[in-house]
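Let me begin by presenting the structure, written as C-alpha cells, before commenting on it.
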Amino acid sequence: MMKRLVNLGLIQMTCQEDIEANFDKLILNIKEAAGKGAQIICTQELFKSPYFCQVENPDHFDLAEVIDESSPTIQKLGVLASELKIVLIASLFEKRAPGIYHNTAVVFDADGSFLGKYRKMHIPDDPQYYEKFYFTPGDLGYKVFDTKFGRIGVLICWDQWFPEAARLLGLQGVEIIFIPTAIGYSRAAEGDTYDSAWKTVQQGHAVANACFLAAVNRVGFELDPSNSNDQDQSSGVGPNGESGINFWGQSFVADPDGVIIEEASKDQEEILICPVDLAEVEETKNLSSFPYRDRRVDSYQDLLKLYSG
C-alpha cells in the first residue's frame, strides 16, 4: 500500500498570567514546528491562560471570546495557517452569549480556511477542575474535518476518558484523533498511576478505532489561586506543598496498534514532531475485523442508559 506520510506537531508549553504573552509564545512555537516540517499542528487545552478552572471566579468569564470568522483570534490563526501551509487545531474559551460559554477547539485547513469548531461535550466537576461553573456542554456533536493532510477529529481533555466519543469519530472514518488537554496531579497521593491510566485509555481508543491518536497536554505547576497561609498544604503538589495542579506533560502520539511512537517529557516545554503513515489506518482495518465488521449494533441499546445496574 502506498505510504501517506504526514508530520504532526504537538505544542506542549507552560502558561503565565499575561494572555498576549502566551499567544505570542504559541505563535513562535507554531512557526518553529512548521519549520521542522510539521503539517498538522495542535495546541494544548486553553493555551491563552493558566488553567483558571481551579477556582470558581466569575471574573474569569472575561477571558472568553466570540469565535466566528470575523473574530481577531480566528483571523490571526487563519493567516498563520495559510502562511505556513499547515492544518491548525487550537483550543479557545468561547463566549456564545451572556451565561453560555464553551470550551472549544477550532480547525483551519492548510489554505487558512476556517473549517469549523468542536465544543467539549464532557464537562468535569472535581476538586480544582470546576469546569461546570464555566462551560456549557457542547451541542455540535462529534465532528470530523477533511483537511489537506488527512481526515481528523477533535476531542477535548475530559472527553478522552469516554470510549463512546472516540467511537463516534471512528464511525466517521477518522484517521487521527487530536485531544487538546490540561491534566495533571492535584494531590500528592495520586502518585504515577493517574497519568498511566490517562495514556492507557487513549491508547485503547486508537486500537479500538484503528486510527492514530495525538494527546497534547500542558506542563508545569500552576498554583491554586485560593491558596492561603491558613490552608493545610501537607497534601499539595507544589514545590513547597502548595495546593495547585502539576501538569504532567507527556504529550504523545499512538499508532493504530496503540503503541506510543513519540512522547514529550513530563516536566519540560517541548515541540513534539512525529511523522505518521496514514496508510496504516486502512491497512489495520483490513487486517483487524473487530473495529467495525464484527460490531453487534443490535445489542447496544443499553448504552443509552445512564446505568444498567
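Some points to look at:
- In nm, spacing of pseudo-spin labels at Y292 and L171 (7 Å Cα→C-beta vector): 1.3
- Among beta bridges that DSSP assigns inside the chain, antiparallel share in %, nearest 5: 70
- Placed amide H near Y134: partners under 5 Å, 5+ positions off or other chain: none
- Across the options S196, Y185, M1, the greatest Cα extent toward the positive end of the charge dipole of the chain (unit charges at beta carbon of Lys, Arg, Asp, Glu) belongs to M1.
- Sequence ranges 211-217, 254-260, ranked by mean other-Cβ count within 10 angstrom, highest first: 211-217, 254-260
- Across the chain, the mean sequence separation of Cα contacts (distance under 8 Å, 6 or more residues apart), normalised by length, yields a relative contact order of 19 percent.
- The average projected area of the stretch 5-108, computed from the convex hull of its Cα atoms over all directions, is 6.8 nm².
- Looking at the stretch 42-109, the DSSP beta bridges with both ends there are about 80 percent antiparallel.
- The H on the amide N of S265, modeled in the peptide plane, is under 5 Å from the matching H of Q250, each at least 5 residues off or on a different chain.
- Residue pairs, from the table K132/K285; K132/K199; K3/K48, whose Cα atoms sit over 29 Å apart: K132/K285; K3/K48
- Measuring with a 1.4 angstrom probe and ignoring ligands and nucleic acids, C274 comes out at about 0 Å² accessible.
- Per-residue [θ]222 nm for the chain (sum of -39500 (n - 2.57) over DSSP H runs n ≥ 4, rounded to 500): -6500 deg cm²/dmol
- Close amide H pairs (under 5 Å, H built 1.01 Å from N) link V66 with K95, residues at least 5 positions away or on another chain.
- The stretch 166-309, accessible surface, carbon-and-sulfur percent (1.4 angstrom probe): 50
- Mean-position separation - Cα centroids, the stretch 12-70 and the stretch 96-140, in angstrom: 13
- FRET efficiency estimate (nearest 0.05) - Cβ-Cβ, K85 to D62, R0 45 angstrom: 0.85
- Working ranking of peptides 154-160, 12-18 by packing, defined as the average number of other Cβ atoms within 10 Å per residue, highest first, is 154-160, 12-18.
- Placing +1 on the Cβ of every Lys and Arg and -1 on the Cβ of every Asp and Glu, with no other charges, gives the chain a dipole of roughly 1100 debye about its Cα centre.
- Each peptide in 98-111, 292-305 receives the mean, over its residues, of other Cβ atoms within 10 Å, and ordering these scores from highest gives 98-111, 292-305.
- Couplings 3J(HN,Hα) for the stretch 168-175, derived from phi with the Karplus relation 6.51 cos²θ - 1.76 cosθ + 1.60 (θ = phi - 60°), are 5, 6, x, 5, 9, x, 4, 9 Hz, where x marks Gly and Pro.
The values are calculated or read from the model by the stated rules, or taken from the named source; none is laboratory data. Treat the numbers as computed from the prediction; the structure is a model and nothing was measured. FYI the Cβ positions are ideal-geometry reconstructions off the backbone, even for glycines, and counts take in every protein chain you see. Protein only, heavy atoms only, side chains kept; ligands, DNA and RNA dropped before computing areas. Shrake-Rupley method; radii C 1.70, N 1.55, O 1.52, S 1.80 Å.
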